[in-house]
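The values are calculated or read from the model by the stated rules, or taken from the named source; none is laboratory data. Small disclaimer: the values here were computed from a predicted structure and weren't measured. No Cβ is skipped: glycine too gets one built from the backbone with ideal geometry, and neighbour counts run over all protein chains shown.
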């Protein structure tokens, strides 16, 4: 014997045309609607805005145009401890490419050049250590 499942509208009992998924908080609910009740449901609906969910830091940033700043607690005073000297960076005006060329002429590999620059206290602008691919590109550009 064959069975047939018939969906009916959860509001009026007529044959359902669509199943709708409602998301409320973290819950997902399914409801079946006939054409009449589906039209009522979608009459004043709007499409969601593009972008991240409300409350994420990216959404805050895009609205204000500024990066969110962590607030300092009122009881915390600024540190009176002496600051450590800032490490030298590749952007401090020194000719890092010339240093790299000398090390490369000395027979060092790109990885060894990066290790030697770090040992001398010369760090890349936006990374913790030198990338061999970046060193190769800098040497090629300087040549």
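Taking only segment 99-128 into account, find how many residues are outside any loop (DSSP other than H, G, I, E, B), over 31 Å from the mean Cα position of the chain (by Cα) and surrounded by 10 or more Cβ atoms within 10 Å (Cβ to Cβ). Counting residues in segment 99-128 that are outside any loop (DSSP other than H, G, I, E, B), over 31 Å from the mean Cα position of the chain (by Cα) and surrounded by 10 or more Cβ atoms within 10 Å (Cβ to Cβ) gives 9. Being surrounded by 10 or more Cβ atoms within 10 Å (Cβ to Cβ), at pLDDT below 85, at negative phi and not in a loop (DSSP other than H, G, I, E, B) is a property that residue 59 has.
When you look at residue 82, is it part of a loop (DSSP other than H, G, I, E, B), modelled with pLDDT of 65 or more and outside the structural domain of residue 133 (by TED's automatic domain parsing), yes or no? When the stated conditions are applied, residue 82 does not pass them.
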